[in-house]
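> What follows is a structure written as structure tokens; I'll ask about it next.
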Amino acid sequence: MSASPKDLGAFRIKDAGRHTPAKTARFTFDGKTYTAMEGDTVASALLAHGVHLVGRSFKYHRPRGILSAGPEEPNALLDVSRDAGRRQPNVRATVQEVFDGVRIASQNRWPSLKHDVGAFNDLLSPFFAAGFYYKTFMWPKEAWHKLYEPFIRRAAGLGEAPKEEDPDHYTSRYAHGDVLIAGAGVAGLTAALSAAATGVSVFLVDEQPEVGGALHFDAGTTIDGQNGYEWAQAAAARLKAMPNVTVLTRTTVFGYYNHGFLGLVERVTDHLARPGRDLPRERLWQVRAKRVVLATGSIERHMVFANNDRPGIMLASAARTFLNHHGVAVGRQVGVYTAHDSAYEAAFDLKRAGVSIAAIVDCRSHPGDAVLAEARALGIDVLTGHSVTNTSGRLRVSSMTVARNGASNARKIAVDALIVSAGWTPSVHLFSQSRGKLRFDEANQRFLPDIYAQDCISVGACNGTDDLSDLIDEAIAAGSGALALTGENRFEWTGGMIGAAEGAGPDKVVKAFVDFQHDVTAKDIRLAVREGMHSIEHIKRFTTNGMASDQGKLSNMHGLAIAAEMLGRPIPKVGLTTFRAPYTPVTYGTLVGHSRGDLFDPARKTPMHTLEAAEGAEFEDVGNWKRAWYFPKRGEDMHAAVNRECRTVRDVAGVFDASTLGKIEVVGPDAAQFLNLLYTNAWDTLKPGKCRYGIMTREDGFVYDDGVVGRLAEDRFHVTTTTGGAPRVLHHMEDYLQTEFPHLKVWLTSTTEQWAVIAVQGPKAREIIQPFVEGLDISNEAFPHMSVAECTVMGVPSRLFRMSFTGELGFEVNVPADYGPAVWKAIWERAESMGACLYGTETMHVLRAEKGYIIVGQDTDGTVTPDDAALGWAVSKKKTDYVGIRGLKRPDLVRDGRKQLVGLLTKSPDVVLEEGGQIVADPNQPKPMTMLGHVTSAYWSENCGRSIALALVAGGRSLVGKTLYVPLKDQTIEVEVTDMVFFDKEGGRIHG
Amino acid sequence: MADLGTATRALPLAGFHGGSSTVRLEAAPPAERISLRVRAEDVAALSGALGVDLPVKPKTSASANGRTALWLGPDEWLMIDESGTGIGNGLMQAAQNSGALHSAADVSHRNTAILVSGTGADKAINAGCPQDLSLKEFPVGACSRTIFGKVEIVLLRTAEDAFRVEVWRSFSDYAFGLLSEGARDAAVGK
Amino acid sequence: MLLIHCPYCEEDRSELEFRWAGEAHIARPENIAAITDEEFAEYFFLRNNEKGLTYERWRHIHGCGRFFNAARDTVSDRFLMTYKAGLPKQPIPTAEETAAIAEEKTVETWEATEGDAR
């Protein structure tokens, strides 16, 4: 696309800037189409067309323009969209690059940017001072939720969050480097060249699209005899060609964490008109660096004076960036208000580009001689010892009011832009994040790195090194290499101030903004101190100074100085608030990275999952596992399916996938001794070929896990755990084995996933599996309840357990997992032909409850002893040691009246209790009632023809036969306390 | 006894394939594996019986006769035998034959493996693995149990640009999915 | 994210591979069944939770699987040393290290950073 110079904007300066005129892009701003040059930011492109007004402020809805040219921008926050799904609010116009077709919209205004109803707030501003919300909305209390909060929420906030799902993808990567250098200005590039030459691996990271840092605007620097910016690009090209160097641009080091760990976000596609499908929008780099070089530069401060926030008022360095890098003049009649020499160079550059400079107003009496001389040579009017005391202009600055310091007579000077500088604040954010400690540089009124907490070094402007030669030497040393490099600045800079300028002092009722993004004025900070806030942390929270998304990059130092003056304390005694990550806002997409959709969390599936799904299984989540929940036939709801499954298992048989149960192979000559120590039961008496139900307690005596343990050989046990408990039980066992009982010759291996486990339960279970089993007599006599054996199933070496969690004759066929589907298919075909069913976890829960078998974690809650759970029989009385032996003797664990697990039967058999329902003795007692316990399991039992429940009840076993009550919101349910076995109380079926 | 046939094997990653222009992803063929635990004094006996010198240096592996022993911990190795294809586990038997004190557990079916190769292989793995995979720190033959995204893996570098990722079977489709994402990004990133 | 030296793997590894496992050097009483309630409470429930130098256990759970001990400064999060399980409490390596801890104790707190930048 080509455009005539006129299309590119009336404020483009011919032959200025570094963009290629042939490369243009069209974009819209609030519906109007503009043409930009490739390489423009949204800010530079709008300024090229003379657009300064881009938004409304947060609280007062004051018209706001573009203040900076970089990531510190507090004002120009826009809504940027590529298409309907790709829209992002609060994007800094000074960071977002223009691409063809991008749609930009202003925020926080209605009905339009030029006529915003919310600006009414500005007139009411006396009422909106700091702390207004805290004080005003306290009364009446009831109004908070109904009236005040909804109103404040509607009015607050800048952008509007997108509602559509984010169609982009985000990636992340771990990386390691010997040296990571944050910032690729002169200092960072020099350090990188120095380090790279030594052969170590180097990451050079910069947030801008191109390297160069301050050289973007500072056209007066020469390095190695070359124009500074051109030297930087050549240096980057050299670095990129080196195999040990990774140069990342458009990448922000947003966090500096412990032990050399850094978070980086690389913006990959936000500047592209048509990004490739495989490109992530952003890439998170998690870099572990042995050494970090911080070359993060410094940020220019604005001047704090009355009405310093009008569109057209901006930082001097920003105006210089727009001119020297983007080829855009910020106005035709530009005023300068400064406390620092650097702004003079902006004026010189603008003047040479043909822009008229209304005057340089310098609040200092003695600026640098060299800049004064140059100003004189260029015919620029300099007013030293003067200040800008006010400005005018509704939607853009139109004049500045200038007065000699201390004098009362003032004059207005017409301007269409006013560029300001109060000096430079070293960017110590990352240093501070690394837990380094700062010191206050009294002479230059700035905080600088002092004590390092990590292997890290600051170089250049962020270290307060102002002289270019010193800076280069410092950077070379930081890279630990040798390099011959010289640099030269056209001018040495002096000056700088922090705090309110002339005319915005404590005696003045003016709006002199300190924090643009949160509309905090100098007056607000003084008010905070007057109202009793003496800590900088309190002042910050009371005024919200520095609490916006720019984190006070421009405002912190001014706010601190004003507070210190009010408090009458030196600045270091008042202190800085802590800088925290992220340095600039990071999208949720970046932080989430790959962890969305299928990769949000692993979905663990058993080997038979697909076959179960084909049989119509509904699945439930158990930990990360997907377990078959129930198998509805056509037309069945869950209730009908579970009832059918429950009946069929007890009448015929059922096939169940028990693969998710945790399995641990315990091997070694001391295996039995080890299990003796970890479980309450005795294991040395268990013969090979037999299994036993085991209870594991923690040292405090509470039930931790349970499961069936089979002894395969003298020195080999097959331990099972609950599905959810498998990892922590193994961890718990390893802990004791490694640190308390390391003398035992035994090892633990997780074999959960080695085995596919097919449970066949019910009267016909034996008949179903019989034909598949080779090398083992599975008759009741040869292979009774609680037997285990190794055998062959369908030609595959397997482990067969005779055990039951249903109270029926039952087997669990363990086959190597890859064979699970084939064996399952064969067993199920035969089972189906005999009238059996598939059943899921819901039926398993009902059947076990009918038998009073507990589920650890459902019927127990970490405060239940084996005796409480009616499992006292599983606690060995003979052993002299096991984990929990002492805890079980604690007074509270042996007292009367503990909660005990019992059965509950509702008086009306059709009513199914709610799990979690509280139990009381007298439902008519005054509230709060005395709770005796709660329902832990409750089901409809098709086999019993009524509801059943288990509950923990204080003194429960002594209450058997008594009536208790479960009061609910709309009814009270009457229940009778019973024992825990509801079906086949004699227990004969299991031995069938 | 009715002949109801012999079970056929179904691999967890059967049919999975993927990658990008710089990374190839394949499911490894089935292999025999044991988790082997041996005290220092019995390492020689087990090495002899298995035909592989169990490495005793952290993060190293040793291969011989189609068998690879991966050091996982001071008394722990993962043994992989890619030559065994039949039913049963020859490694279990070989360890048994040593006559020395040890623990061997058959984990042939617990684990499955993904082969990751190509110039971007290390980057694909670094999408979820926090270890330094430079050749200096993780040379050919290096192995380690580690983290990959939200799952645990055992990583073995088989060549400068090739890795074997051992993972528990129920985590394997997650691992394959994340590797696919990593492979895609490795082809477009630095 | 911490970088932790595993004394078994003899290498620094990411915190992601580890799990914290409580205060170190609390031995389970050999005669645990016979100890008093107070002794049991001391053993099982009570922990020092020291600010500054602390001895703690970690497990390289997603690495070699081993439990080991570490001396860490809970204020700066610096690991002063790690050593194998079963070894007695190790002295801090050198005088300089101890001095470093003392120094950090006086200045390296969030309160100090926030309220008293020098």
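The values are calculated or read from the model by the stated rules, or taken from the named source; none is laboratory data. Just so we're clear, the structure is a prediction, and the values are computed from it rather than from any experiment. Cβ coordinates were reconstructed from backbone atoms using ideal geometry, including for glycine residues, and neighbour counts include every protein chain displayed. When the accessible area is computed, the model is the full protein with side chains, heavy atoms only, and any ligands, DNA or RNA have been set aside. Shrake-Rupley method; radii C 1.70, N 1.55, O 1.52, S 1.80 Å.
> In Å and from the alpha-carbon atoms only, list the Rg and Dmax of region A:158-241.
For region A:158-241, the Cα-based Rg and Dmax read 17.0, 53 Å.
> Pull up the cross-link candidates among the lysines for residue A:745, meaning alpha carbon to alpha carbon under 29 Å and not fewer than 8 places away within one chain.
Filter leaves A:663, A:687, A:690, A:877, A:878, A:879, B:57, B:59, C:84, C:89.
> Something else about it: Which of these, B:36, B:25, B:11, has the largest mean-square fluctuation under a Gaussian network model of chain B (Cα springs below 10 Å)?
Ranking B:36, B:25, B:11 by mean-square fluctuation puts B:11 first.
> Where does helix A:228-240 land angle-wise versus the long Cα axis of chain A, in degrees 0 to 90, nearest 10?
30
> Based on Cβ point charges of +1 for Lys and Arg and -1 for Asp and Glu, what charge dipole magnitude is obtained for region A:894-992 about its Cα centre, in debye rounded to the nearest 20?
That gives a dipole near 340 debye.
> Mind listing the phi-derived Karplus ³J(HN,Hα) values for region C:11-17, rounded to whole Hz, using 6.51, -1.76 and 1.60 with θ = phi - 60°, and x for any glycine or proline?
These are the phi-based 3J(HN,Hα) values: 7, 7, 9, 5, 3, 4, 7 Hz.
> Now, a different point. For chain B, with the dipole built from +1 on Lys and Arg beta-carbon atoms and -1 on Asp and Glu ones, taken about the Cα centre, which of B:83, B:64, B:149 lies farthest toward the positive end?
Among B:83, B:64, B:149, the one farthest towards the positive end of the dipole of chain B is B:149.
> With a ≥ b ≥ c taken as the square roots of the eigenvalues of the C-alpha gyration tensor of region A:197-257, please select rounded if a/c is under 1.5 and otherwise prolate if a/b is larger than b/c or oblate if it is not? Please list the in-between numbers first.
Details: a/c = 2.37, a/b = 1.29, b/c = 1.84.
Judged from the Cα gyration tensor, region A:197-257 comes out oblate (a/c at least 1.5, b/c at or above a/b).
> Please state the relative contact order of region B:17-188 as a whole percent: Cα pairs under 8 Å, 6+ residues apart?
Details: 387 pairs, mean separation 46.7, N = 172.
In percent, rounded to a whole number, it is 27.
> Then there is this: Rounded to the nearest 10 Å², what accessible area does residue A:573 have for a 1.4 Å probe in the complete protein model?
Only protein atoms counted, so the area is about 130 Å².
> With charges set only on the Cβ (+1 for Lys and Arg, -1 for Asp and Glu), what does the dipole of chain A come to about its Cα centre, in debye to the nearest 20?
2300
> Let me ask you something else. In whole Å and largest first, what semi-axes does the C-alpha gyration tensor of region B:17-188 yield when each eigenvalue is scaled by 5 and square-rooted?
Working: eigenvalues 167, 53, 33 Å².
The equivalent ellipsoid of region B:17-188 has semi-axes of 29, 16, 13 Å.
> Considering all projection directions equally, how large on average is the shadow of the alpha-carbon convex hull of region A:506-568, in square nanometres?
Seen from a random direction, the Cα hull of region A:506-568 projects 3.7 nm² on average.
> Direction-averaged shadow area of the convex hull around the Cα atoms of region B:1-115, nm²?
For region B:1-115, averaging the hull's shadow over all directions gives 9.5 nm².
> Stick to the Cα atoms of region A:450-516, pair each with every other, and give me the Kirkwood hydrodynamic radius in Å at one decimal.
With all distinct Cα pairs of region A:450-516 included, I get 15.8 Å.
> Can you list, bin by bin at 10 Å, the percent of alpha carbon pairs in region A:302-422, starting at 0?
All Cα pairs considered, the percentages come to 15, 52, 31, 3, 0.
> Could you work out the mean count of beta carbons from other protein chains within 10 Å of each residue's beta carbon in B:128-139? Before the final figure, lay out each step's value.
Working: counts 8, 5, 14, 9, 10, 3, 4, 0, 2, 2, 0, 0.
That average works out to 5.
> Farthest toward the dipole's positive end in the protein assembly as shown, which of A:476, A:91, A:289, given Cβ charges of +1 (Lys, Arg) and -1 (Asp, Glu) about the Cα centre?
Value computed over the given set: A:91.
> Taking the Cα atoms only, what angle lies between the long axis of helix A:342-352 and the longest principal axis of chain A, rounded to 10 degrees?
Taking the Cα atoms of chain A, the angle to A:342-352 is about 60 degrees.
> On a C-alpha basis, how far is the centre of region A:652-676 from the centre of region B:1-62 in Å? Whole number, if you could?
Going from one Cα centre to the other spans 23 Å.
> Right, next: Given only helices, namely DSSP H runs of n ≥ 4 each adding -39500 (n - 2.57), what is the per-residue ellipticity at 222 nm of chain A, to the nearest 500 deg cm²/dmol?
The per-residue figure over chain A is -5500 deg cm²/dmol.
> Next question. Based on the alpha-carbon gyration tensor of region A:894-992, what equivalent-ellipsoid semi-axes (square roots of 5 times the eigenvalues) come out, in whole Å, largest first?
Values for region A:894-992, descending: 24, 17, 10 Å.
> Compute the separation of the alpha-carbon centres of region A:266-294 and region A:833-862 and state it in Å as a whole number.
Cα centres, region A:266-294 to region A:833-862: 50 Å.
> Once the dipole of the protein assembly as shown is set up with Lys and Arg at +1 and Asp and Glu at -1 on Cβ about the Cα centre, which of C:3, A:461, A:432 lies farthest towards its positive end?
Result: A:461.
> Give the percent of DSSP beta bridges with both residues in the protein assembly as shown that are antiparallel, rounded to the nearest 5.
On the way: 201 of 247 bridges.
Rounded to the nearest five, the antiparallel share is 80 percent.
> How big is the dipole moment of region A:353-498 about its Cα centre under a simple scheme where the beta carbon of each Lys and Arg is +1, that of each Asp and Glu is -1, and everything else is neutral? Debye, nearest 20, please. All intermediate terms of the calculation are to be shown ahead of the outcome.
Working: 12 positive and 16 negative charges, 198 e Å.
With only Lys, Arg, Asp and Glu charged at Cβ, the dipole is about 940 debye.
> Report, in order of residue number, the helices in chain B meeting two criteria: a C-alpha extent of 20 Å or more along the helix axis, and a mean Kyte-Doolittle hydropathy of at least 1.6; treat each whole DSSP H run as one helix.
Taking the DSSP H segments of chain B (at least 20 Å long, mean hydropathy at least 1.6), we get none.
> For the protein assembly as shown, what is the Kirkwood hydrodynamic radius in Å, using each pair of distinct C-alpha atoms?
Radius from the Kirkwood sum: 35.4 Å.
> Counting only other chains, what is the mean number of Cβ atoms within 10 angstrom of the Cβ of each residue in peptide C:9-15?
6
> Just to confirm my numbers, what's the Cα centroid distance between region A:903-959 and region A:392-424 in Å?
79
> Just tell me which lysines come within less than 27 Å, Cα to Cα, of residue A:633; anything on the same chain fewer than 8 places away is out.
Within the straight-line cut-off, residue A:633 pairs with A:605, A:764, A:825, A:851.
> Between B and A, buried accessible area summed over both sides at probe 1.4 Å, in Å² to the nearest 100?
The buried area between B and A, both sides summed, comes to about 4700 Å².
> Now a separate question. In degrees from 0 to 90, rounded to the nearest 10, what is the angle of the helix A:468-478 Cα long axis to the longest principal axis of chain A?
In chain A, helix A:468-478 runs at an angle near 20 degrees to the longest axis.
> Counting only protein heavy atoms and using a 1.4 Å probe, what share of the accessible area of the protein assembly as shown belongs to carbon plus sulfur, as a whole percent?
The nonpolar share, carbon plus sulfur, comes to 52 percent.
> Something else: Which of the lysines could be linked to residue A:240 by a straight reach, that is with a Cα gap under 29 Å, when you skip same-chain ones fewer than 8 residues away?
A:23, A:290, B:123, B:136, B:190
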